[in-house]
Structure formats: C-alpha cells, structure tokens
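Some notes on the structure that comes next.
The values are calculated or read from the model by the stated rules, or taken from the named source; none is laboratory data. Quick caveat, the model's predicted, so the values are computed rather than measured. In this analysis, Cβ positions are derived from the backbone assuming ideal geometry, glycine residues included, and neighbour counts consider all displayed protein chains. These accessible areas exclude ligands, DNA and RNA; they are computed on the full protein's heavy atoms, side chains included. Shrake-Rupley method; radii C 1.70, N 1.55, O 1.52, S 1.80 Å.
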Amino acid sequence: MYTLTNIDQHHFSGPEDVYVLEAHRTAAGLATVASDQTLSLFDPARLRTGPVASLKTSHGNVTTLRVFDAGASLACTAGEDGSVGVWDLRQRSRVAQFAAGQASILSMACSAGAQTIAVGTELANHVASIHLWDVRSKPSPRATYSEVHSDDVTSLAFHPSQPALLVSGSADGLVSVHDTAIADEDELTVQTLNHNASIHDAAFLTPTEVFALSHDESFALYDVAEERTDGSATQDFGDLRRVLGCQYVANVTTKMDGSGGILGAGAQDKQNFELIFLAKTADNSWALDRNNRVVLPGAHGSEIVRSFCFFDDEQVVFTTGEDGNVKAWRAG
C-alpha cells in the first residue's frame, strides 16, 4: 500500500454548490469542467492560484469533457442541449460549436487519428442515438446510429490503435463494438456483450479485450476475439463494492500500452479514495492488486470523487469531486 499527500488544491465557489465533473491532461495544462458550466484550465503546479483560463460553455448543462488531441491541447465539451464545443486551450478560445444531436448528450469519444467525434444521447422519443461527426475542415455529420441501443448511451470509447472501432455502453445493459468504417447500420456492430446492468464505463483494455463497469459497480472483462455467441464475460469480478470494500467506483483509466488499468474506488463514510491496479497474473488472468493500492486519505471528504487523472512525469495524481475541489496528490 502506498499513501499520497494532498499537496495543492483549488475550490470552485458560487451561489450554488459546484461539482467538478471531470479533469483531463493536455499540453496546455489540466482541463476541468464543472456544474457552474465552466471549462477551466489550470497550471498543474499551481492549482491554488486558480484557473489560468475560465471559459463559459453553452450547452444548457455541460455533461462531459474529452480531449481530442492532448498534444495540440484541443478539447471537446458537450451537454444537455445536444451541442458539442471544440476548444483550443492554448488559444483559450472556442473554435467550433455545433448541434450534434436532438437529445441530451451523455457520452462522448474523440479520435484525432480519424478526425472524428462520437456522441451518445439519452433516450428521447423512444430513440437513443450515436452520432459521428467529421471535424477535418469544419464539423459535418458522418453517420447516425439509432438502433444499436434501446436506452441511454452512457459510454463511448475508440480503440487506441484502430480508430474505426468504437465501443458503446448503454443503460440497456449491453456493450457493443462497432466498425464505423461499415456504412450499413445493420452490419455495423461486430460484437455485442451482455453485462446485464446499466453501463457506467466501458472501453478497450487491450487490443482485443474490453472492460465494462455498471452503475451498480459490477465489473467484468470480455475478449472480443473469442466471439462468444451469448456475449458473456471471460472474467467476471462481480460487485466491486464487496470485492474492494468501497461504496462506488469513479471510473477506470486504461494504460496506453495495454498492460492493464487503474480503478478509482471511493468510500464517502471513510472519506477515502483508492487507486487499484488491474494487472495480469502468472497464469495470464487479470487480478485487482489491492496489496499495491494507492490511498488518497481524506479524499474529498464525505463527497464523491468524480474523476482522476495522472501527470506521470511529475508523479502527481489529480482528483475532482462533488465538494467543488480539484486536488493534487503526490507521494511523500
């Protein structure tokens, strides 16, 4: 077990309580979105001096932030009114805003390699859709899929090295792998995985394996190369609240080299948040390594931690929470 120390933080204040929803790393700094409808950019070494830029989003309510190109510091926000904003964080300005869908956007994924933004909507008028937009010259619709899921599309992620492959997760309990190079929606889905619970987070863990985390904290892995006809898991960890002794799992960050992932698990009553490594064992199965977990004591108090991210070079972990804080953590 390793313990980190809170070395810096910034508190968002306003007439109402502010939730800091997400944080992501870019070359320009640490980007966050919050329930006060702001996209903020921080110098990661000086959180307490406040944002170096605070940009007002205009999505009704902002729901998600994704990095389009970390090196170029291009990021995307989306929200309740179905719109997407594209931001140049180096110039600290919005470079595009467009109506991506008719319903509230709940999920988004970006592929700089394919110059594509994918958004997933909530169920409205009995339809939940995935919209793909090409941003090569100016944003233009590339495809719409309206029959893939029967409920809210809650999670989207592109394959790290094959940008045509897209993973979607839904409140209908299904995780699907799509080849977006196929124009016919009837032929689009190459694998359907049945998690049997509303999906909170899903993405590729390795080039052929997908993880799924439900809103009730059930966690499982699927090997899409096996093509199991019933879509069942290759490894089912069950309810992580029992496995890890937590109350919720914020999200899962996968390692870019395919060597595993990191789960962020919290317990409000213990005012605690832990990073748990998912790694391969000697018998080539996956295991949650609790012995080498990283503990963030105090976390965000009795409030939920909404996201975490890493600045590996500086060996700093950043967390955001429903207490209105962005926090930096380091060993020692």
- What is the distance in Å between the Cα centres of segment 128-158 and segment 195-209? 18 Å
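Under a point-charge model restricted to the Cβ atoms of Lys and Arg (+1) and Asp and Glu (-1), what is the dipole moment magnitude of the chain relative to its Cα centre, in debye to the nearest 20? Provide the component values of the computation, followed by the final result.
Details: 22 positive and 42 negative charges, 282 e Å.
So the dipole magnitude of the chain works out to roughly 1360 debye.
With 26 Å as the limit, write out which pairs from Lys138/Lys327; Lys280/Lys327; Lys56/Lys327; Lys270/Lys327 have Cα-Cα distances beyond it, or answer none. Present the calculation step by step, with values, prior to reporting the outcome.
On the way: Lys138/Lys327 36 Å; Lys280/Lys327 30 Å; Lys56/Lys327 22 Å; Lys270/Lys327 18 Å.
Listed pairs above 26 Å: Lys138/Lys327; Lys280/Lys327.
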- Message: If each DSSP helix of 4+ residues adds -39,500 (n - 2.57) and the sum is divided by the residues in the chain, what number results at 222 nm, nearest 500 deg cm²/dmol?
- Response: -500 deg cm²/dmol
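How far, in nm, would the chain grow between His24 and Gln315 when pulled straight, counting 0.36 nm per residue and subtracting the alpha carbon separation? Please report the intermediate quantities before stating the final value.
Numbers: separation 291, 0.36 × 291 = 104.76 nm, distance 1.51 nm.
Full-extension gain reported as 103.3 nm.
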- Per residue, how much accessible area does the chain have with a 1.4 Å probe, in Å²? 43 Å²
- Task: May I ask for the Rg/Rh ratio of segment 192-332, computed from Cα atoms with Rh as the Kirkwood radius, given to two decimals?
- Result: 0.97
- Query: Between Asp186 and Asp216, what is the label-to-label distance in nm when each label sits 7 Å out along the Cα-to-Cβ direction?
  - Reply: 3.5 nm
- Note down the nm distance, to one decimal, between modelled labels 7 Å out along Cα→Cβ at Thr208 and at Ala225. 0.2 nm
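Report the charge-dipole magnitude of segment 190-332 in Debye, nearest 20, computed about the Cα centre from +1 at each Lys and Arg Cβ and -1 at each Asp and Glu Cβ.
Numbers: 11 positive and 21 negative charges, 83 e Å.
With only Lys, Arg, Asp and Glu charged at Cβ, the dipole is about 400 debye.
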- Note on the structure: Of the residues Gly261, Gln191, His10, the Cα lying farthest along the dipole of the chain towards its positive end, which is defined by charges on the beta carbon of Lys, Arg, Asp and Glu, belongs to His10
- Query: How high is the FRET efficiency from His126 to Asp236, r the C-beta distance, R0 30 Å, rounded to 0.05?
  - Reply: 0.45
- Task: Among Ser137, Ser40, Ile105, flag the residue with its Cα farthest along the positive direction of the charge dipole of the chain, charges on Cβ as +1 for Lys/Arg and -1 for Asp/Glu.
- Result: Ser40
- Message: Which residues among segment 150-184 fall inside the zone where the amide N is under 13 Å from a point 7 Å beyond the Cα of Lys280, along Cα→Cβ?
- Response: none
